[in-house]
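Structure first, then comments.
Just so you know, all these numbers are worked out from the coordinates, no wet-lab data involved. Since the model is a prediction, treat every value here as computed from it, not as a measurement. Cβ placement follows ideal geometry from the backbone for every residue including glycine, while neighbour counts extend to all protein chains displayed.
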Amino acid sequence: EKGGYEHFMIKEIFEQPRSIGDCLRGRLNANEGHLHLGGIQDYINKITNADRILIIACGTSWHAGLVAEYIFEEFCRIPVEVEYASEFRYRNPVVGEKDVVIAISQSGETADTLAAIELAKSKGATILGVCNVVGSSIPRATHAGSYTHAGPEIGVASTKAFTAQISVLAMMALMIAHKKGAIKESVYRNLLLELDAIPDKVAKCLDLNPQIEIISEKFKNATNFLYLGRGYNFPVALEGALKLKEISYIHAEGYPAAEMKHGPIALIDENMPVVFIATKDGSYEKIVSNIQEVKARKGQVIAVVTEGDTEIGSMADHIIEVPAAHEALMPLISVVPLQLLSYHIAVMRGCNVDQPRNLAKSVTVE
Ligand code: F6R
């Protein structure tokens, strides 16, 4: 059932070219400029006219929501707020009929997310679901939605569900942006081609596995890790840190790189590994100076960079080169080496990667 792999987690990481492909199939035809999510068709006018989009989720799904916030705001020009389901439901949130709520959940059974949906629904909001498990409670509670089609995810640490969630959310954003006339046709067409190219690029990231195993060996005894990214890669930093802590039990924090100087920089010394997600994008020059700040304090830098990058190579202790992509879709690529890094470190530490202590695959308690 593990298809020759030692754990479900590594099997699921390696499935991603296929699972993202399955998610795009039948919805995206990039060469013909065609994109269609049938599940939200009936609500498309409601969404394009929304005053605001509220994204509600927990854990890794919440990280996918943060990536979606950047994509929706950039291309649809609709304000987006991303909320932890547990926080949303226990305050007195301002929600109304012109709000569209997108609930993201792999399992479709997360109790806090389900309760947040019921609350938003009672206030008249339109609720869309982005779920993996077909027929689960959340898709049944929503008005409409799109499945991620990643296939069953058995490893407790979410991997392929995360990339499928971002794929669906990117398609949703582009479909709405196009319908709304908020995006230039050439930009739209280019993004469809970029999306279509993602499965092959993820496959190239998987070829980095042996190199990442060697890096993991060097850091397996670390007690702390910092993950830093900016822009579209900021949520990837959060996700990289979450993956490491949940399966290897190493304390890790993800931060927006520019926030480092407001506190976390105090932690940096020669024993602190810092993972930078520093692919070529709008914040590249800024993140290069953040790397210099860490090196000046003797931190150990592992940098995920775009193939062919020459600048960071001379500063970082280890570089992981990933294929170039449109910055809005980069999280689909830059997260893969971080999944592999956490996997190998956890295995080397003798941890039970598929069933980490204290965690359950779906959190049905509040
Ligand atoms: C992280 C992880 C959890 C889940 C969270 C939400 O690897 O597995 O953080 O992402 O419990 O679960 P779903 O997406 O099923 O609502």
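The Cα-based radius of gyration of the chain, divided by its Kirkwood radius, gives an Rg/Rh of 0.95.
Express the relative contact order of the chain as a whole percentage, based on alpha carbon pairs under 8 Å and six or more residues apart in sequence. The normalised contact order for the chain reaches 20 percent. Please compute the Cα-Cα pair-distance distribution of the range 145-300 with 10 Å bins starting at 0, giving whole percents from short to long. Histogram of Cα-Cα distances, whole percents per bin: 9, 30, 35, 20, 6, 0. Multiplying the residue separation of residue 217 and residue 296 by 0.36 nm and subtracting their alpha-carbon distance yields 26.0 nm. Counting only DSSP beta bridges with both residues in the chain, the antiparallel share comes to about 5 percent.
Among 270, 321, 81, the residue with the largest mean-square fluctuation in a Gaussian network model of the chain, with springs joining Cα atoms closer than 10 Å, is 270. State log₁₀ I(q)/I(0) for the range 245-366 at q = 0.13, 0.15, 0.18, 0.21 Å⁻¹ as given by the Debye formula over alpha-carbon point scatterers of equal weight, solvent excluded. Here log10 of I(q) over I(0) equals -0.60, -0.78, -1.04, -1.25. Label-to-label distance, residue 32 versus residue 51, with points set 7 angstrom from Cα along the beta-carbon direction: 3.9 nm. The mean sequence separation of alpha-carbon pairs under 8 Å and at least six residues apart, normalised by the residue count of the range 1-125, gives a relative contact order of 23 percent. Highest GNM mean-square fluctuation among 145, 108, 181, for the chain modelled with Cα contacts below 10 Å: 181.
Tell me the trypsin sites (Lys or Arg not before Pro) within the range 295-366 that lie in a loop according to DSSP and have at most 12 other beta-carbon atoms within 10 Å.
The qualifying sites are 298, 357.
What's the angle, to the nearest 10 degrees (0 to 90), between helix 59-76's Cα axis and the longest principal axis of the chain? Long axis of 59-76 versus the principal axis of the chain: about 70 degrees. Considering only 113, 86, 124, the residue lying farthest towards the positive end of the dipole of the range 73-149 is 124, judged by Cα position with unit charges set on Cβ. Looking only at the range 24-47, which residues have a backbone nitrogen under 20 Å from a spot 7 Å from the Cα of residue 123 in the C-beta direction? Answer for this model: 46-47. Length gained on full extension, residue 42 to residue 74, computed as 0.36 nm times the residue gap minus the Cα-Cα distance: 9.1 nm. Cα extents for the range 1-153 along the principal axes, largest to smallest and rounded to whole angstrom: 50, 40, 26. In the chain, the longest principal axis of the Cα atoms and the axis of helix 185-196 are about 60 degrees apart.
The helix-only estimate of mean residue ellipticity at 222 nm for the chain, built from DSSP H runs of length n ≥ 4 each weighted as -39500 (n - 2.57), is -13500 deg cm²/dmol after division by the residue total. Remark: for residue pairs 243/295; 201/245; 11/361; 46/123; 46/180, the C-alpha separation exceeds 19 Å in 243/295; 201/245. In order along the range 37-44, the phi-based Karplus estimate (6.51 cos²θ - 1.76 cosθ + 1.60, θ = phi - 60°) of 3J(HN,Hα) comes to 9, x, x, 10, 3, 5, 10, 4 Hz; Gly and Pro are listed as x. Summed over all non-identical Cα pairs, the Kirkwood treatment of the range 81-160 gives a radius of 12.9 Å. Take every pair of alpha-carbon atoms less than 8 Å apart whose residues are at least six positions apart; their mean separation over the length of the range 246-355 yields a relative contact order of 29 percent.
Residue 92 to residue 360: extension gain in nm, 0.36 nm per residue of separation minus the Cα-Cα distance?
93.6 nm
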